[in-house]
Each structure stands twice: as structure tokens, then as C-alpha cells.
1. Set Lys and Arg Cβ to +1 and Asp and Glu Cβ to -1, take the dipole of region 42-102 about its Cα centre, and tell me which of 79, 54, 98 lies farthest positive.
2. Suppose every Lys and Arg Cβ carries +1 and every Asp and Glu Cβ carries -1, with no other charges. What dipole size does the chain come out with about its Cα centre, to the nearest 20 debye?
3. With unit charges on the beta carbons (Lys and Arg positive, Asp and Glu negative) and the dipole taken about the Cα centre of the chain, which residue among 66, 131, 147 sits farthest to the positive side?
4. Could you put 35, 70 in order, starting from the residue whose Cβ has the fewest other Cβ atoms within 10 Å?
5. What lysines does residue 123 reach when the alpha-carbon gap must be under 17 Å and sequence neighbours fewer than 8 apart in one chain are set aside?
6. How would you rank 13-23, 56-66, 71-81, 138-148, highest first, on the average number of other Cβ atoms within 10 Å across their residues?
7. So what's the gap between the Cα centers of region 15-33 and region 136-157, to the nearest angstrom?
8. What does the charge count near residue 143 come to, summing +1 for each Lys or Arg and -1 for each Asp or Glu among other residues with Cβ under 14 Å from its Cβ?
Amino acid sequence: MVEVALADSFKQAMRRLAATVTVISTGDGSNRFGMTATAVTSVSTDPATLLVCVNKSAFMHAHLGVGSKMCINLLRHVHADISRAFAGQRDAWERFTVGDWASDADGIPYLSDAQANLFCEVKLAVPYATHTIFIGEVIHIRLHELVAPLIYQDGDYVAALPVIADIG
Ligand SMILES: Cc1cc2nc3c(=O)[nH]c(=O)nc-3n(C[C@H](O)[C@H](O)[C@H](O)COP(=O)(O)O)c2cc1C
């Protein structure tokens, strides 16, 4: 009973951890793989490094490992349909029909109008419980001029607004 209560309150707490929505993408030249993820965090700036937590049951998990390349696409507030498609609404092989996707010289797919595309090489893969933490060193970055993230909060998609100091 204690474990059930803890698991439920953990989920409730995570609904309050608002996060920018990303799509993690990778490819092997002929096949493309992608998945919606919010468990993405900056690790260090020198070298520029990120981590992403991927469920071992996710289709793309088998296609990531040390030495593989991936792109972390930071979604804009207009990209909720892309997030849904890459979170399982579309089958893996038809996800890239949603959104404007291109490929870099290594064959890694990237969303051309994302807020930012961070192209990484995986340096370390740390399994923990149901997930693997993939630590990726950033090789190059594309930036969109607008900062307008798609946020996932309380189980729904929202856009960020500036805080007005004297609202209270
Ligand atoms: C907003 C949102 C954030 C998500 N974040 C993660 C995440 O960080 N890591 C993860 O493994 N799955 C995450 N998921 C779930 C995957 O996107 C989902 O299971 C997806 O279908 C991947 O599995 P598949 O490719 O096997 O279908 C998230 C889903 C949503 C809607």
C-alpha cells in the first residue's frame, strides 16, 4: 500500500514538473527513429553535454548506444501535433510524415523549424530501472530565432508566458 501511494504521488508530483517537449531522433542512413521526450537535461557546458532518459521498451532504444548520433529537437508551441505523433499516436515508420523533417550529413533526421536542434554523439549509456540515461556530447547546433517552447504540464500542452511581477 505504501508503494502504491508513493507511485501515485510521484506521478502527481511529476505533473507539476513543467518541461519543454523535445523529439529525440536518430537514423542509420536508410531508417529514421524518433520519440517524444521531456526527460532531457543539460549536464555541462564544457564540453556541451546533455542527457536524455529513454524507456528500454521504446522502439528507438535499441538504436541508441555509445558512439551513435542523435538529435534533440526542442519543439515550438505550434508543434503539439508532432509531439503526439512521436509519443505513440503514429506508428514508428510514419512519424516523420508529421512536421518538416530533414537529414544532416550523417543521416540524422532533424525538425527544420524546431526552436533548436542539438546534434549529439552518445558518450555514455547508464541503465537504471526501466530507463537508460544516454549522455550525449553536442557536436553542432541549429537555432531558430524565436524562443517559444512547447511545454508539457499537468498532462497537457501549454505555452509559456512572461511573469508579470505585481500580479501577486
Ligand atoms: C510529453 C511526453 C514526454 C515524454 N517523455 C518521455 C521521456 O522523456 N522518455 C521516455 O522514454 N518516454 C517519454 N515519453 C513517452 C514516449 O514518447 C512514448 O512511449 C513513445 O511512444 C515511445 O515509444 P515507441 O517509439 O516505442 O512508441 C513521453 C511522452 C510524452 C507525451
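Just so it is clear, none of the values below were taken in a lab; they were calculated from the coordinates. Since the structure is predicted, the reported quantities are computational estimates derived from the model, not experimental observations. All Cβ positions, glycine included, derive from the backbone under ideal geometry; neighbour counts span all protein chains shown.
1. 54
2. On the way: 12 positive and 17 negative charges, 56 e Å.
With only Lys, Arg, Asp and Glu charged at Cβ, the dipole is about 260 debye.
3. The listed residue farthest towards the positive side: 131.
4. Numbers: 35 22, 70 26.
Sorted ascending by nearby Cβ count, the order is 35, 70.
5. Excluding near neighbours in sequence, the set is 69.
6. Details: 13-23: 16.3, 56-66: 14.4, 71-81: 21.3, 138-148: 12.6.
Those peptides, ordered most packed to least, come out 71-81, 13-23, 56-66, 138-148.
7. Between the Cα centres of region 15-33 and region 136-157 lies a distance of 10 Å.
8. Values: positive: 76, 142; negative: 113, 145.
Here the charged neighbours net out to 0.
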